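What follows draws every value from the coordinates through simple rules; no lab data is involved. Predicted model only: the values in this text are computed from it and were never measured. Glycine gets a Cβ as well: all are built from the backbone with ideal geometry, and neighbour counts include every protein chain shown.
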Amino acid sequence: MEERYLALDIPVEECTSDYAMELLENLRYRQFTLKDAGVTSRVHNNWRSLGIVPDSEEDGKKLYFDFIQYLWLQIVKDLRVFGLPLETIAAVKDYLFEEDFMAGVEYSDSDEAELRRNVEKEAQRPLTDGEFAEILENMKRGNTFIPYRFSLIVLAHFLYRSNTYIYIFTDSRVVVWSEYEIKSKPDLSEPHITLPLSHYFFQFLNDETKAQFIAKIPILTREENEVLRAMRNGDVKELTIKFSKKGNKRRADLITKVDKQLSDKQKKEIAQILGTRDYSTITMKTQNGTQLTFEEAQRTRL
């Protein structure tokens with residue numbers, strides 16, 4: 001069987017709950033300060049008093065946030081630019097950071113059948129009715145593994161390597177939709193704000209002050225990280241990016257030959273291509289003569 005890889009080069013066949021646990025631990029590692037997030041302490045204190053930011057961890061006089069909380073701070077900044085009322089932002093925060101979001105969830109017969117197939121596939125054996133009933137019961141309880149809804153949303157984005165969108169409607173409704181989901185897109189005929197999570201990951205990648213954090217955050221695969229690192233260190237000699245054909249159109253391949261360093265414009269374009277996985281294959285030749293070739297990591301439903 002041909003192996004298909006997720007972020008961090010973990011084969012799908014070996015992707016277990018242990019991998020998801022490790023992934024979530026990295027996402028929840030508190031390493032970002034207010035300065036990293038681009039938020040002043042005065043603004044943060046105001047937001048906290050209004051209930052639009054989650055709790056953080058204080059070490060001396062510094063507050064530390066995990067990547068999921070950092071991501072939310074970036075979203076809040078954009079929502080303020082959009083002019084969204086603070087009450088609406090607080091309602092969005094309550095939805096995304098709800099702790100008991102699994103409590104009382106009811107599954108349809110088709111949902112239960114699909115869940116059972118997926119669990120049995122991972123377990124590589126049939127489940128008894130008692131075992132499956134226990135799994136359903138545990139899923140409806142609050143737990144410390146996935147403490148709130150937004151952690152599950154971000155975790156699924158990385159596990160499935162699929163674009164995820166948060167839609168905010170004028171009545172404060174929040175709808176989350178990902179490309180990996182079977183269900184169709186929500187009705188977007190009403191006025192709404194669209195927040196593509198990939199935008200914030202690209203923004204994070206394109207900020208060279210965040211380079212020290214990238215190894216801990218699974219935005220890129222190992223090979224994609226190599227390209228980003230070589231690009232920033234001026235080690236790229238030639239970079240060829242081929243794009244997948246979409247419909248009847250094909251985007252022209254990007255071939256970059258470098259004498260010294262890539263321009264800032266080129267770096268931004270390549271970082272965006274890496275962050276959105278908008279490519280078919282990438283080949284990189286470095287200044288010392290090594291060559292790296294890899295294909296886009298498959299977007300896979302587990």
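Taking Cβ atoms as reference points and 15 Å as the exclusive limit, the residues near Arg80 contribute a net charge of +2, counting Lys and Arg as +1 and Asp and Glu as -1.
Calculated on the alpha-carbon coordinates, the convex hull of segment 54-123 measures out at 175 cubic angstrom per residue.
For the pair Gln266 and Glu295 in one chain, pulling the backbone fully straight at 0.36 nm per residue adds 8.4 nm over the alpha carbon distance.
In order along segment 203-215, phi translates into HN-Hα couplings of 4, 5, 5, 7, 8, 5, 6, 9, 4, 5, 9, 4, 4 Hz, rounded to whole numbers, per the Karplus curve 6.51 cos²θ - 1.76 cosθ + 1.60 with θ = phi - 60° and x for Gly and Pro.
Positive contributions from Lys and Arg (+1) and negative ones from Asp and Glu (-1), summed over other residues with Cβ under 15 Å from the Cβ of Phe67, come out at -2.
Counted residue by residue at 0.36 nm each, then reduced by the alpha carbon distance between them, the extension gain from Tyr107 to Asp207 reaches 31.9 nm.
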